[in-house]
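First the structure, in the form of structure tokens, and then the observations on it.
Read-outs throughout are calculated quantities, based only on the coordinates presented, and are distinct from any laboratory measurement. It should be emphasised that the depicted structure is a prediction, and the values quoted were computed from it without experimental measurement. Ideal geometry is used to build each Cβ from the backbone, glycine not excepted, and the neighbour counts take in all protein chains shown.
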Amino acid sequence: MKMLSLLVILACGLGTALPAEPLPPFGWNKVPVYAHVGKRSDDFTGQELRFLAGHFNFVAIEKGQAFEKRRQTENGVYEAARQLKKLNPRMTVLFYWNAFLDYPLYRASERLDPSWHLKTRSGEPLLVRNKVPSYDLSLPAVQQWWSDAAGEAMRQAPLDGIFADALPQVLTPGKERLFGREKHQALKQGLQEMLVLTRRKMGDGKIILANGTRAKDYVELLDWDSISGVMIEHFGHFQSDSKEDIAADMETIETAARKGKIVVVKGWPGFSFLDQEMMQKPHADLARLAAERITFPLACFLAAAGERSYFCYTWGYTEEDGTFEWYPEFEKPLGKPKGPATRNGHVYTREFAHAAVWVDLAGKEARIDWRGP
């Protein structure tokens, strides 16, 4: 443990340079976009692969990919990565790997000792949503196992890194109330040590995209040298839709750009896959609503976006939740920003070479005036 702690100090605390990593392809010619998708029933079809490879240069493949066919997430993700890279060699492809929750969908899970699950102070397993066990990240064995699995994934397929989910579930103050200060500190330190190990085992030029920050919470992740960037998953949705929360998320986007970090902004069309009533509607109706409602979240993103900022817009994470929809706004010329946004209270304006953006967070109104080159 002392040696691992030293690694954290060296790699996270003192700014020691880590191996250079290739950036996901980025440009201002159009809205920079990112896809986050999985298909549990089968491999992606040829049409789906061509859509992803033709529309995106940056994608994460979700847990459970092709699980019903291949029975192990690894096999599904590996096949998807191989096929996508054949079609678009420039594409950056990430492997979903939850940093806290033990989803039994992976071959790696077969090597997980049940004693490594996190226990409450009463000795009962901590079950998230009353069904998903979590890892005791304070255990060096867990840190080694998890980082080994990430490193192995990079060797087995043309992957460019991992999407590390659920970091806020470790960092939240609620865990201190549940476990006590000492145990909570050990969990947080274990998470840092695990990510340092992961960067080393994945090799040079690999990415760790972490989920993530929420309004003013967990922004310290942008200072972890082991992390390449963050997702803002609840942008304008999931109790993060107040003008104050959206403004805080926009500030995080700007902060990430200043620090040279990746930031993925997960926009929502005012509904999600968790809305049971909405999910009863025909897909075409959901796609139409998403198209009607894209302006506000996209304008908020553009008002804050910097280099290495990417926009993701769906109502969930499967092939049925909007990834394979496309929007005219993504085809319009954008061009480089002429400067940062101007802010007056909760009203933002910003000029790009081929677009002008206006956003009122209080009224949830926005305009994007597209100007052809």
Report, in debye and to the nearest 20, how large the dipole of the chain comes out about its Cα centre when Lys and Arg carry +1 and Asp and Glu carry -1 on their Cβ. 640
Hey, which lysines would be in cross-link range of Lys266, C-alpha to C-alpha under 19 Å, not counting anything within fewer than 8 residues on its own chain? Lys30, Lys39, Lys63, Lys216, Lys243, Lys364
Listed with the fewest Cβ neighbours within 10 Å leading, Leu334, Leu101, Leu274, Leu195 appear as Leu274, Leu101, Leu334, Leu195
Nearest 0.05, what FRET efficiency do Gln47 and Leu127 give at R0 = 35 Å with Cβ-Cβ as r? 0.35
In the range 213-286, what chymotrypsin sites (Phe, Trp or Tyr not before Pro) fall in a loop by DSSP, with at most 14 other Cβ atoms inside 10 Å? Phe238
Just order 295-306, 251-262 by mean Cβ neighbour count inside 10 Å, highest at the front, would you? 295-306, 251-262
Among 26-34, 132-140, what's the highest-first ranking by average C-beta atoms within 10 angstrom per residue? 132-140, 26-34
Translational diffusion coefficient of the range 118-249 at 10 °C, 1.306 mPa s, Stokes-Einstein with Kirkwood Rh over Cα pairs, in µm²/s as a whole number. 100
Per its Cα gyration tensor (rounded if a/c is under 1.5, else prolate when a/b beats b/c, else oblate), the range 64-142 is best filed as prolate
Over the chain, with a single point scatterer placed on each C-alpha, what log10 of the ratio I(q)/I(0) does the Debye formula yield at q = 0.07, 0.09, 0.15 1/Å? -0.30, -0.51, -1.45
Mind checking the range 192-237 for trypsin sites (Lys or Arg not before Pro) that DSSP puts in a loop (not H, G, I, E or B) and that have at most 14 other Cβ atoms within 10 Å? Lys216
What FRET efficiency do you get for His55 and Glu182 if R0 is 51 Å and r is their Cβ-Cβ distance, rounded to the nearest 0.05? 0.60
Can you tell me how the range 194-256 classifies by the Cα gyration tensor, rounded, prolate or oblate, using a/c under 1.5 as the rounded cut? prolate
Can you work out the base-10 log of I(q)/I(0) for the range 19-101 at q = 0.14, 0.27 1/Å, using the Debye formula on its C-alpha atoms alone? -0.48, -1.35
Taking Rh as the Kirkwood radius computed over alpha-carbon pairs of the range 199-296 and applying Stokes-Einstein at 25 °C with viscosity 0.890 mPa s, one gets a diffusion coefficient in µm² s⁻¹ of 164
I need the Debye-formula profile for the range 93-192: one equal scatterer per C-alpha, no solvent, reported as log10 I(q)/I(0) at q = 0.15, 0.18 1/Å, two decimals. -0.60, -0.85
Hey, with R₀ at 22 Å, roughly what FRET efficiency would Glu277 and Lys243 work out to, going by the Cβ-Cβ distance, to 0.05? 0.25
